[in-house]
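Engineer: Structure in structure tokens, see below.
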Amino acid sequence: MFEEALEWRNIGPFRGGRVVAVAGDPVDQNNFYFGACAGGVWKSTDGGNYWENISDNFFNTASVGAIAVSESDPNVIYVGTGESCIRVDVTHGDGVYKSVDGGRTWVNLGLKDTRHISRIRIDPKNPDLVYVAALGHAFGENTERGVFRSTDGGLNWEQVLYKSDKAGASDLYIDQNNPRIIYAGLWETRRTFWSMDSGGNDSGLYISTDGGDNWLDISKNPGLPKGVMGRIGVVSSPAKPDRVWALIEAEDGGVFRSDNRGETWLKLDDSEGVRSRPWYYTHIFAHPTDSNTLWVLSAQMWKSIDGGNTFKEVSTPHGDNHDLWIDPNNPNRMVQGNDGGACVSYNGGNTWSSIYNQPTGQFYSVATDEQFPYRVYGTQQDNSAISTPSRSIKGAILWEECYSVGLSESGKIAVKPDNSNIIYSAYPGGTLMRYDHTTGQVRNIMVWPEYYQNSAPKNYKYRFGWEFPIVASKHDPNVLYTAGNRIFKTIDEGTNWETLSEDLTRNDISKQELSGPITSEGPWAEIYCTVYAFSESPINPDILWAGTDDGLIYISKDGGGSWSNVSPEGLEKWTMVSMIESSYFHEGTAFVAATKYKLDDYSPYVYKTNDYGQTWERIIDGITENDFARVVRQDPINSKVLYL
């Protein structure tokens, strides 16, 4: 019924989102591809001026981690789903897809439980001989990870490199002079709600000299780091046989070079810019015709012309750089992926095409105002909070009609009900911003002026999660709520805050430490034991609900004066309560969406109460077994209709 009644339309904004996978056609100079972290595969046939989605209606998941176009037959394209830059909001995939007609149609080739694929490599002369570097589950242990090989175009797969159920492949490269020689990096890593652990004894660097039949661990070879390794990037020079570079996360990590296929190594560069945030970057690429030129992608894009001894920054349209494809026949022609989209260069990276032509932004939450026509507001990952019109008289919604409403990227957003010029939005670390569109002013109104990134959350006065709640009252336009590990309320747009609760979480100190074991990201995205969901009843302003990311639900019936734990039976510890929806029709009714996917449990947890949380019913009939729930909403007109 709803599929027939509802018609979706794209309202933008046309500002690119995160891209970790790019490729180009080695024959047609105008053809390029990119995979969005949350938007499928896109193709340009005019050098990056216009991009068109080519995976809709074929792919079952939207996250793309790797793309490869066959050099011997550019009609053949392989795509690995699920990115391997496993940030807090990472989305998993469902294996490998293949097209044999330049992206017009696609088929799934399996490897569905790999979930996160870091790289695909195709034999330069045989489009049916393909290798997949699979990271595996980001949030748990599994065996479908490592390096896989197919000799029949993906009809069958063989796992040719496997270390353990804790380590997957972070990178893979085929020697262009001798395709039997293959290099691979294995990475032991795991994410949870409260940690990002990168590195372990099962990480390592490997080489095969027989097309993947056998592998040699070269991690302990002379010159390489002696301690625990984390993420590894590896590439060999097409211009100089036997020359190999590795970018290694380790206490004494950095860029290493070997001129004898990895038998011995020389450490070249360990500067902060090149090796920063190694779990998120660690990407290295070689020039196809110059053995002394290579690129490292991190927060900036770095280029070396002396074999890796020194690097200089290359400007790109956006920071946080992840992937680079260089035309093997024309090295000045390239396409690059970063956290602002994909961009094309025809002059070796001196200038790039626009990223303001890709509607692929990752939005955490959206809100609308009371104007007519109404405007839509959202917080875009690795960008800013933004406002876009819901429709336009110009025939299309143009970028010039959009505007930033704050530097926020990571969380919720709310509009002042009686003044749509006032927008509240969040930035990591508990920062709450008030934007006034009449003046363009952005003011920091965070509850507590504490902004530490590299200290343990257990030491904080208040803990605010990556997506902490921001709720404008439906009853009083001057009331705004937010939540860390406690509930807070302001009646003067954030000038003063009132604390409405004690710590409502489990407050497990063991889950409030810094991650490791090699590199600490800082706890912004891993701050745990917080209130993640908050709701005010649209019927009675005294009815307030709160849900924590560690598995608790509370209700207040007196406007926050007191709180009662009404957590359902069966809602286990460490479950994230991601959404509480107060009913529009009965003040004692509420709906809850909860999830444990970051504990590698993808089951749906959806609950309903009709008696203020005294009893709960789990309502999951009709939901696929592994479709975990993030959001539940009630239709404001028809009480029987829910959106999940």
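Engineer: What list of ³J(HN,Hα) couplings, whole Hz, do you get for segment 420-435 from phi and the Karplus terms 6.51, -1.76, 1.60, once you set θ to phi - 60° and write x for glycine and proline?
Structural biologist: The phi angles translate into 6, 7, 9, 10, 10, 8, 10, 10, x, x, x, 6, 10, 10, 10, 10 Hz.
Engineer: Quick one: which of 277-283, 113-119 comes out on top by average Cβ neighbours within 10 Å, and what's the full order, highest first?
Structural biologist: Most protected by this proxy first, the peptides run 113-119, 277-283.
Engineer: I need the phi-derived Karplus couplings for segment 266-277: 6.51 cos²θ - 1.76 cosθ + 1.60, θ = phi - 60°, integer Hz, Gly and Pro marked x.
Structural biologist: 10, 7, 10, 9, 10, 5, 4, x, 6, 10, 5, 6
Engineer: Let me ask something additional. What is the set of long-range amide H partners of GLY254 at a cut-off below 5 Å, with H atoms built 1.01 Å from backbone N?
Structural biologist: ILE248
Engineer: Can you tell me how much longer the chain between GLU7 and GLN453 gets when fully stretched, taken as 0.36 nm per residue apart minus their C-alpha distance, in nm with one decimal?
Structural biologist: Extra length available between GLU7 and GLN453 comes to 156.3 nm.
Engineer: In what sequence, largest accessible area first, do ILE527, ILE11 appear using a 1.4 Å probe?
Structural biologist: ILE11, ILE527
Engineer: While we're here: Determine, from the Cβ-Cβ distance of ILE305 and ARG630 and an R0 of 35 Å, the FRET efficiency 1/(1 + (r/R0)^6), rounded to the nearest 0.05.
Structural biologist: It comes to 0.15.
Engineer: Let a ≥ b ≥ c be the square roots of the eigenvalues of the Cα gyration tensor of segment 523-644; is it rounded (a/c under 1.5), or, if not, prolate (a/b larger than b/c) or oblate?
Structural biologist: Cα axes put segment 523-644 in the oblate bin.
Engineer: How large is ³J(HN,Hα), in whole Hz, for each residue of segment 120-133 in order, when computed from phi with the Karplus curve 6.51 cos²θ - 1.76 cosθ + 1.60 and θ = phi - 60°, using x for Gly and Pro?
Structural biologist: With the stated coefficients, segment 120-133 comes to 10, 10, 10, 4, x, 10, 9, x, 8, 9, 9, 10, 10, 9 Hz.
Engineer: A further question follows. Using a 1.4 Å probe and ignoring any ligands, DNA or RNA, find the accessible area of SER63 and quote it in Å² to the nearest 10.
Structural biologist: It works out to around 0 Å².
Engineer: Taking the Cα centre of segment 471-602 as origin, work out the dipole magnitude from +1 charges on Lys and Arg Cβ and -1 charges on Asp and Glu Cβ, in debye rounded to 20.
Structural biologist: Computed charge dipole of segment 471-602: roughly 100 debye.
Engineer: Highest first, please rank the peptides 560-568, 286-294, 356-364 by the mean number of other Cβ atoms sitting within 10 Å of their residues.
Structural biologist: 356-364, 286-294, 560-568
Engineer: In debye, nearest 20: dipole of segment 14-87 around its Cα centre with unit charges on the Cβ of K, R (+) and D, E (-)?
Structural biologist: The calculated dipole for segment 14-87 is roughly 420 debye.
Engineer: So, R0 is 22 Å and r is the distance between the beta-carbons of ASN332 and SER271; what FRET efficiency does that work out to, to 0.05?
Structural biologist: Computed FRET efficiency for ASN332 and SER271: 0.25.
Engineer: Non-local amide H neighbours of THR293 (under 5 Å, H modeled in plane, Pro and chain starts lacking H): which ones?
Structural biologist: It is HIS287, GLY307, by chain and number.
Engineer: Quick query: amide H of ILE527 versus all other amide H atoms, modeled in the peptide plane; which residues come in under 5 Å with a sequence gap of 5 or more or a different chain?
Structural biologist: TRP466
Engineer: Then there is this: Excluding ligands, DNA and RNA, what is the solvent-accessible area per residue of segment 382-429 at a probe of 1.4 Å, expressed in Å²?
Structural biologist: Normalised by residue count, the accessible surface of segment 382-429 is 37 Å².
Engineer: For all pairs of alpha-carbon atoms in the chain, what percent lies in each bin of width 10 Å, listed from the first bin to the last filled one?
Structural biologist: All Cα pairs considered, the percentages come to 3, 16, 26, 26, 17, 9, 3, 0.
Engineer: Can you tally the net charge around GLY348? Count Lys and Arg as +1, Asp and Glu as -1, for every other residue whose Cβ sits under 11 Å from the Cβ of GLY348.
Structural biologist: So the surrounding residues net to 0.
Engineer: How much FRET efficiency would the formula 1/(1 + (r/R0)^6) give for GLU587 and GLU52, where r is the Cβ-Cβ distance and R0 is 45 Å, rounded to 0.05?
Structural biologist: FRET efficiency, GLU587 to GLU52: 0.40.
Engineer: Round to the nearest 10 and report in Å² the accessible area of GLU513, as given by a 1.4 Å probe over the protein chains' heavy atoms.
Structural biologist: GLU513 exposes around 80 Å² with every protein chain in place.
Engineer: Work from the charge dipole of segment 114-193 (Cβ charges, +1 for Lys and Arg, -1 for Asp and Glu, about the Cα centre) and give the residue of LEU155, TRP187, GLN176 farthest towards its positive end.
Structural biologist: The residue sitting farthest along the positive end of the dipole is TRP187.
Engineer: If the chain between ASN540 and ASP210 were fully stretched, how many nm would it gain, using 0.36 nm times the residue separation less the Cα-Cα distance?
Structural biologist: Separation in residues times 0.36 nm, less the Cα-Cα distance, equals 111.7 nm.
Engineer: Per residue, how large is the accessible surface of segment 53-131? Use a 1.4 angstrom probe and give square angstrom.
Structural biologist: 32 Å²
Engineer: Just going by the charge dipole of the chain, with Lys and Arg at +1 and Asp and Glu at -1 on Cβ, which of PRO457, ILE637, LEU109 is farthest out on the positive end?
Structural biologist: PRO457
Engineer: As a check on your grasp of the helix formula, calculate [θ] at 222 nm for the chain: sum -39500 (n - 2.57) over DSSP H runs of n ≥ 4, divide by the residue count, round to the nearest 500.
Structural biologist: Calculated from helices alone, the mean residue ellipticity at 222 nm is 0 deg cm²/dmol.
Engineer: Please report, as a whole percent, how much of the solvent-accessible surface of the chain comes from carbon and sulfur atoms (probe radius 1.4 Å).
Structural biologist: 46 percent
Engineer: Would you mind working out the magnitude of the charge dipole of segment 189-295 relative to its Cα centre, with +1 at each Lys and Arg C-beta and -1 at each Asp and Glu C-beta, to the nearest 20 Debye?
Structural biologist: Dipole size: approximately 200 debye.
Engineer: If you count only protein heavy atoms and use a 1.4 Å probe, how large is the accessible surface of SER72, to the nearest 10 Å²?
Structural biologist: Rounded to the nearest 10, that gives 60 Å².
Engineer: Oh, and also: So how do ARG243, ARG506 rank on accessible area, 1.4 Å probe, biggest first, that is with the largest at the start?
Structural biologist: Highest to lowest solvent-accessible surface, that is ARG506, ARG243.
The values are calculated or read from the model by the stated rules, or taken from the named source; none is laboratory data. The shown structure was predicted, so the numbers you read here are calculated from the model rather than taken from an experiment. Cβ coordinates were reconstructed from backbone atoms using ideal geometry, including for glycine residues, and neighbour counts include every protein chain displayed. When the accessible area is computed, the model is the full protein with side chains, heavy atoms only, and any ligands, DNA or RNA have been set aside. Shrake-Rupley method; radii C 1.70, N 1.55, O 1.52, S 1.80 Å.
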